[in-house]
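Heads up, the thing below is written out as structure tokens.
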Amino acid sequence: MENKKILITGFAGSLGSEIFRQLAPNNELFGIDIDETRMFDLVEELKAKGYKVSGRIGNIKAHSTVEDTISEFKPEVIFHVAAYKHVAPNEQYPLEAINTNIIGTYNLLKYAKKYGVNKFINISTDKVVNANSVMGATKKVAELMVRNWGGVSVRFGNVLGSRGSAIPTWQRQIDQNEPLTVTDERMERYFLTIPEAVKLVVKAAEIGEAGQVLILDMGQPVNVLELAKEILEKSGKNLGIKMIGIRPGETLSEKLMTEDEEKRAKKVGNFWIL
């Protein structure tokens, strides 16, 4: 993707910032995020390299903020990364998940339509499949709204090293000489690294057509306990592993598609397309 004016929501987060960095050399970028410090640091870092980037503090739940951002920057493409993504906090405070994941997405779609945005790329999650958590349900609604708007959703599983993922949590526990926590010995998850995920997201943005959902081919799911054992072995510390039990909204395994979607999906390269 080159020579585009691109708006990225949640651009100071682990996934959003990597999208920002990968697209900055060949495009004009604007980001919006509620994290003031990370936003400032990222913009300054990339400006120092001579890239055309800028950003602002803002919350996608605010109509005026979203309209001001889109009307002033006039993006051709929006990458919508901002969301509340953690299962347990969203179960505890469902209204916050609804306001951000649903209302925030609605605000962006509304003003994207009003100001003539050409392409809308929504970052989705495997938790929308047979959604049994607040987070999964709200992201499912967002996925449906984006489809109806004519945008593209990119659906995938866990991203290794992202904020709130298992790896940073385990690293902190190792640093503090604490046992690594795992919810259940049977738990399995799909994993990609941040650069791998973003490379595929950008590719999906280039090939995706209006109303499509592109699902990343993430290979086989990984047993979380075995991954924890491997991380612990590489650390050289004998700290042990502590089972903490499944939290509200969590499941032992996750799927990338429903049974109906598996029947309809077409395989194109590294993607399943609906």
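Read the figures in this text as sums done on the coordinates, not as results from a lab. All of these numbers come straight from a predicted model, not from anything done at the bench. Because the Cβ atoms are built from the backbone with ideal geometry, glycine has one as well, and the counts that use them run over all protein chains shown.
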inquiry  = Positive end of the dipole of the chain, charges at C-beta (+1 Lys, Arg; -1 Asp, Glu), about the Cα centre: which of Gly219, Val182, Tyr106 has its Cα farthest in that direction?
reply    = Tyr106
inquiry  = Under the rule of at least 5 residues apart or a separate chain, name every residue whose amide H is placed under 5 Å from the amide H of Asn27.
reply    = Asn3
key: Loop-exposed GluC sites (Glu not before Pro) per DSSP, neighbour cap 10 Cβ within 10 angstrom, longest uninterrupted part of the chain   = 3-208
inquiry  = At 7 Å along Cα-to-Cβ for each site, give me the label-to-label distance between Ile103 and Leu252 in nm.
reply    = 3.8 nm
key: Cβ charges +1 (Lys, Arg) and -1 (Asp, Glu), total dipole of the chain, debye   = 520 debye
request  = Grab the beta carbon distance between Leu95 and Glu259, set R0 = 30 Å, and tell me the FRET efficiency rounded to 0.05.
outcome  = 0.45
remark   = Assertion target for Lys255, Lys119, ordered by fewest C-beta neighbours within 10 angstrom first, is Lys255, Lys119
ask   = Rounded to whole Å and sorted largest first, what semi-axes of the equivalent ellipsoid does the C-alpha gyration tensor of the range 1-140 yield via the square root of 5 times each eigenvalue?
value = 25, 16, 14
ask   = Where q = 0.11, 0.12 Å⁻¹, what log10 of I(q)/I(0) comes from the Debye formula for the range 101-241, counting one point per Cα?
value = -0.51, -0.59
query = When the Karplus curve 6.51 cos²θ - 1.76 cosθ + 1.60 is applied with θ = phi - 60°, which whole-Hz ³J(HN,Hα) does each residue of the range 255-261 get, with x for Gly and Pro?
reply = 10, 8, 8, 6, 4, 5, 5
query = What does a probe at Glu226 reach in the range 241-255, counting residues whose amide N is under 16 Å from the point 7 Å along Cα→Cβ?
reply = 253-254
key: Candidates Ile174, Ile98, Ile215: whichever shows maximal mean-square fluctuation once the chain is modelled as a Gaussian network with Cα springs under 10 Å   = Ile174
Cα shape, the range 189-274, gyration tensor, a/c 1.5 rule = prolate
query = Once both labels are modelled 7 Å past Cα along the beta-carbon direction, what's the Lys199-Ile244 spacing in nm?
reply = 3.2 nm
remark   = Mean 1/r over distinct Cα pairs of the range 127-203, inverted to a Kirkwood Rh in Å, yields 14.7 Å
message = Pairs of alpha-carbon atoms within less than 8 angstrom and 6+ residues apart define the contacts here; what relative contact order does the chain have, in percent?
response = 17 percent
inquiry  = Need one word for the range 42-112: rounded, prolate or oblate. Basis is the Cα gyration tensor (sqrt eigenvalues a ≥ b ≥ c); a/c below 1.5 gives rounded, then a/b vs b/c decides.
reply    = oblate
Gain upon complete extension [Asn270, Lys113; 0.36 nm per residue less C-alpha separation] = 53.6 nm
Spatially proximal lysines relative to Lys52 (Cα-Cα < 27 Å; intrachain offsets below 8 disregarded) = Lys4, Lys5, Lys61, Lys74, Lys110, Lys113, Lys114, Lys119, Lys199, Lys203
query = Taking a ≥ b ≥ c as the square roots of the eigenvalues of the Cα gyration tensor of the range 5-52, is the shape rounded (a/c under 1.5), prolate (a/b larger than b/c) or oblate?
reply = oblate
inquiry  = For a quick size check, give me the Cα extents of the range 31-71 along its three principal axes, largest first, whole Å.
reply    = 33, 21, 7
query = Scattering from the C-alpha atoms of the chain alone, worked out with Debye: what is log10 I(q)/I(0) at q = 0.07, 0.10, 0.14, 0.16 1/Å?
reply = -0.25, -0.52, -1.02, -1.29
ask   = Near Leu200, within a Cβ-to-Cβ distance under 13 Å, what is the net charge of the other residues, with Lys and Arg +1 and Asp and Glu -1?
value = -1
task = Express in whole angstrom the spacing between the alpha-carbon centres of the range 99-169 and the range 211-229.
result = 18 Å
message = Skipping prolines and chain starts, which residues have an amide H placed within reach, meaning under 5 Å, of the one on Val222, given they are 5 or more residues away or on another chain?
response = Arg189, Tyr190, Phe191
